[in-house]
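This report concerns only the one structure given below.
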Amino acid sequence: MKLQEIAKILDAEILACCDSDVEIMSACGSDLMSDVMAFVKENVLLLTGLVSPQVIRTAEMMDIRAVVFVRGKVPGKDIIDMASEKGIAVLATCEPMFIACGKLYSAGLTGKGV
Amino acid sequence: MDLYYEIPADDLAHAGEASSRVKKKLVQLGIDPVKIKKAAVSMYEAEINAVIHGGGGSADVTIDSEKIIIRITDSGPGIEDLELAMQEGYTTASDDIREMGFGAGMGLPNMKRYADELDIQTTKNKGTVVTIVVYFSRQH
């Protein structure tokens, strides 16, 4: 699934986009970054309600190419700039975590990723 | 190749900077991405621990053709019960730390999960030295 399609499904704003051709096969929803590092195996889309530079750091360490901030949380310029510099796409949606994950899963993003 | 980084105390906005630089260096050297992820994640967890528990410290990194050795040293309070701290879910972190997405009790277990060798020397009220080794060869 391409980022543009994900943005459309979640009615999300793309705040940083480096490679719109990147193909996302699976996703992970978590506010705990150590859990992301413990359990994620594939290169996933990360959905999180945590707004912190450490989200981008975690994505960097795990080679995660795109992050969606849920529940209407909008990251600051520092976070968006850090993501852009590292080639990580940033999206923001007003959907809550459960609904955002459910919509993506229903649309075919069913890879387990862990 | 020897690298050295200061790890500033209680600076969560910049925590992970040393790990980020080491990861970039390993990418430049053309190391297998799977091995890079193992080194980057285990170092990042150790760096975060030094920031949130250890009052900052330093990272000494040695890279040769076979392996990377990462040594994170802090002068913090030490780990009171190391065996307990190695269990998934055990944490002594404050709410502030949890608000940053850490402190879920997965830091040390994650280091153990990704490092090929992990050594932790800790002394109460003196500090902790975490040594992580990741081998680049296939058999590890």
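The values are calculated or read from the model by the stated rules, or taken from the named source; none is laboratory data. Model, not experiment: these values are computed from the prediction. Note that we place each Cβ from the backbone using ideal geometry, even for glycine, and neighbour counts take in every protein chain shown. For accessibility, only protein heavy atoms count, side chains too; no ligands or nucleic acids. Shrake-Rupley method; radii C 1.70, N 1.55, O 1.52, S 1.80 Å.
Contact residues in the stretch A:3-39 by the 50 Å² criterion (accessible area, 1.4 Å probe, full protein complex versus chain alone): A:SER34, A:MET37, A:ALA38. Quick check: from the Cα gyration tensor, does chain A come out rounded (a/c under 1.5), prolate or oblate? Rounded.
For the stretch B:1-83, which GluC sites (Glu not before Pro) pass both filters: DSSP loop (anything but H, G, I, E, B) and at most 13 other C-beta atoms within 10 Å?
Answer by residue number: B:GLU66, B:GLU80.
For the stretch A:47-78, trypsin sites (Lys or Arg not before Pro) are listed when DSSP marks them as loop and at most 14 other Cβ atoms sit within 10 Å of their Cβ; the list is A:LYS73. Backbone amide hydrogens, once placed in the peptide plane, bring A:LEU91 within less than 5 Å of A:LEU15, A:VAL67, A:VAL68, A:PHE69, excluding anything fewer than 5 places away on its chain.
Within chain B, the longest run free of exposed loop sites, counting trypsin sites (Lys or Arg not before Pro) that sit outside DSSP helix and strand states (H, G, I, E, B) and have at most 14 other Cβ atoms within 10 Å, spans B:1-123. The count of lysine pairs in chain A that are at least 8 places apart or cross chains, and whose C-alpha atoms lie under 23 Å apart, stands at 16. Taken per residue, the accessible surface of the stretch B:29-98 reaches 45 Å², heavy atoms only and a 1.4 Å probe. Per the Cα gyration tensor, chain B maps to an equivalent ellipsoid with semi-axes of 24, 16, 14 Å, ordered largest to smallest. The H on the amide N of B:PHE136, modeled in the peptide plane, is under 5 Å from the matching H of B:LYS67, B:ILE68, each at least 5 residues off or on a different chain. Helical content alone sets the calculated 222 nm signal of chain B at -10000 deg cm²/dmol, taking -39,500 (n - 2.57) per DSSP H segment of four or more residues and averaging over every residue.
Taking a ≥ b ≥ c as the square roots of the Cα gyration tensor eigenvalues, the stretch A:69-114 comes out oblate, since a/c reaches at least 1.5 and a/b does not exceed b/c.
Excluding same-chain neighbours fewer than eight residues apart, the aspartates and glutamates reachable from B:LYS67 by a Cα-Cα span under 17 Å are B:ASP2, B:ASP32, B:ASP116, B:GLU117, B:ASP119. The 3J(HN,Hα) values that the Karplus relation (6.51, -1.76, 1.60; θ = phi - 60°) gives for the stretch A:48-56 are, in residue order, 8, x, 8, 9, 7, x, 5, 5, 5 Hz. Gly and Pro appear as x. Listed by chain and number, the lysines whose C-alpha is less than 30 Å from the C-alpha of B:LYS124, apart from same-chain residues fewer than 8 away, are B:LYS38, B:LYS112. The trypsin sites (Lys or Arg not before Pro) of the stretch A:1-42 that DSSP puts in a loop, and whose beta carbon has at most 15 other beta carbons within 10 Å, are A:LYS41. Amide H to amide H distances under 5 Å link B:ILE7 with B:GLY57, B:SER58, B:ALA59, where only residues 5 or more positions off or on other chains count and H is placed in the peptide plane. Across the accessible surface of chain B, with the other protein chains kept in place and a 1.4 Å probe, carbon and sulfur atoms take up 47 percent. Taking B:MET111, B:MET86, B:MET43 as the candidate residues, the one with maximal mean-square fluctuation in a Gaussian network model of chain B, Cα springs under 10 Å, is B:MET86. Taking only protein heavy atoms and a 1.4 Å probe, the accessible area of the stretch A:4-89 is 48% carbon and sulfur. Here is the interface size for B with A: some 1900 Å² of accessible area buried, both sides summed, with a 1.4 Å probe. The Cα atoms of the stretch B:28-90 define a convex hull whose projected area, averaged across directions, is 5.3 nm². GNM on chain A, alpha-carbon springs under 10 angstrom: the most fluctuating residue among A:LEU91, A:LEU32, A:LEU45 is A:LEU32. Where q = 0.07, 0.12 Å⁻¹, what log10 of I(q)/I(0) comes from the Debye formula for the protein assembly as shown, counting one point per Cα? Scattering profile of the protein assembly as shown, log10 relative to I(0): -0.23, -0.68.
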